[in-house]
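Participant: Below is a structure I'd like to ask you about.
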Amino acid sequence: MNAILEIKGLKKQFGGVAALSGIDLSIEEGEILGIVGPNGSGKTTLFNVITGVHKPTEGHVSWRGRDITSLAAHEVSGAGIGYTFQQAMAFPGLSVRENVQIACEHARRTSRPYPWTTPSALLDFVGLTALSNEQAGILPFGSLRLLGIALALATRPSLILLDEPAAGLNDRETATLVGLVKQFPGYGISVCVIDHDMKLMQMLCKRLVVLDFGSKIADGPTQAVLTDPKVLEVYLGGAL
Ligand SMILES: Nc1ncnc2c1ncn2[C@@H]1O[C@H](COP(=O)(O)OP(=O)(O)O)[C@@H](O)[C@H]1O
Ligand SMILES: [Mg+2]
């Protein structure tokens, strides 16, 4: 296996709160890695530190062998790490197509061929062609999520971080999302996804990492992790 992202000893302190207390983690080229853990366990903070939204208190993030710990968010995106936020975001007053157009204008240069070079191709891939002229701010929630995916893909990432992409989606929308995300590795895009929906995680991920109070308590094949007594204890039978 070939790690594209390597995290060593990552700590993030918010005042008295240790949101991350020494995380080691690697993401392999071409995999879909899942991150789960109770609310407040540090999942979103981990993404925020990887993407340069927050600076870590200690530790390092390296991307294809290059230390990116101190890069600003736009530099991390420029290096090829895309991000969809837990709160779906777009320019609400602009149309769906205009949002994608703006994102495409900020696409980084890549040496490899990219499958979606135009806004139309991206809209088609995520299934939003029929809604291209709608105002983004009045989209139904599921469509707004798909727009978020299109916006992240527009920057031409080779790793995409998805923070609770299925939150608020119905079963049909979730199935659409799974169908899209499963295709990413085939297009040279590795994935790291956070979600609470264990059915979704089992469909998407061969490997799961579990965080609890800012520490990694499990990391391994999905089924093994989901039956690990340490993990079951954290969830007290609830989400599993
Ligand atoms: N910007 C912030 N300022 C202060 N505390 C924060 C901030 N972001 C997260 N936290 C705290 O860090 C902990 C981890 O939060 P978070 O990473 O959002 O967890 P998760 O995504 O797993 O639910 C929580 O205790 C949360 O309150
Ligand atoms: Mg979160």
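The values are calculated or read from the model by the stated rules, or taken from the named source; none is laboratory data. This is a predicted model, so every value here is computed, not measured. Neighbour counts run over all protein chains shown; Cβ positions are idealised from the backbone, glycine included. Areas reflect the complete protein model, heavy atoms only, side chains present, ligands, DNA and RNA absent. Shrake-Rupley method; radii C 1.70, N 1.55, O 1.52, S 1.80 Å.
Participant: Sorted by packing (mean other beta-carbon atoms within 10 Å per residue), highest first, where do 15-22, 214-221 land? Walk me through the numbers before you get to the answer.
Facilitator: Working: 15-22: 15.2, 214-221: 17.4.
In descending order of packing, they fall as 214-221, 15-22.
Participant: V193's amide H: which non-local residues (gap 5+, or another chain) put their own amide H closer than 5 Å, with H modeled 1.01 Å from N in plane and none for Pro or chain starts?
Facilitator: Counting only residues 5 or more places away or on other chains, the set is L33, G34, I35, L162.
Participant: Here's a follow-up. Which value in nm describes the separation of the simple spin-label points at M198 and R172, placed 7 Å from the Cα toward the beta carbon?
Facilitator: 2.8
Participant: Report the residues of region 190-216 in range of a label on F14: point 7 Å along Cα→C-beta, backbone N strictly under 15 Å from it.
Facilitator: 213-215
Participant: Please work out the FRET efficiency for the pair F141 and T118, using the Cβ-Cβ distance as r and a Förster radius of 35 Å; give the result to the nearest 0.05.
Facilitator: Approximately 0.85, to the nearest 0.05.
Participant: Given a Förster distance of 25 angstrom, what is the FRET efficiency for F213 paired with H106, based on the Cβ-Cβ distance and rounded to 0.05?
Facilitator: Here the calculated transfer efficiency is 0.10.
Participant: Calculate, for region 96-156, the solvent-accessible area per residue in square angstrom, rolling a 1.4 angstrom probe over the heavy atoms of the protein chains.
Facilitator: Here the residues of region 96-156 average 48 Å² of exposed surface.
Participant: Separate question: Counting only protein heavy atoms and using a 1.4 Å probe, what share of the accessible area of the chain belongs to carbon plus sulfur, as a whole percent? Please list the in-between numbers first.
Facilitator: Numbers: 5880 of 10870 Å².
C and S atoms contribute 54 percent here.
Participant: Working from Cα positions, state the angle (0 to 90°, nearest 10) between the long axis of helix 96-105 and the longest principal axis of the chain.
Facilitator: The answer is roughly 70 degrees.
Participant: Let me have the 222 nm mean residue ellipticity of the chain computed from DSSP H runs of 4+ only, each contributing -39500 (n - 2.57), with the sum over all residues rounded to the nearest 500.
Facilitator: Working: 9 runs with 78 residues, N = 240.
Result for the chain, helices only: -9000 deg cm²/dmol.
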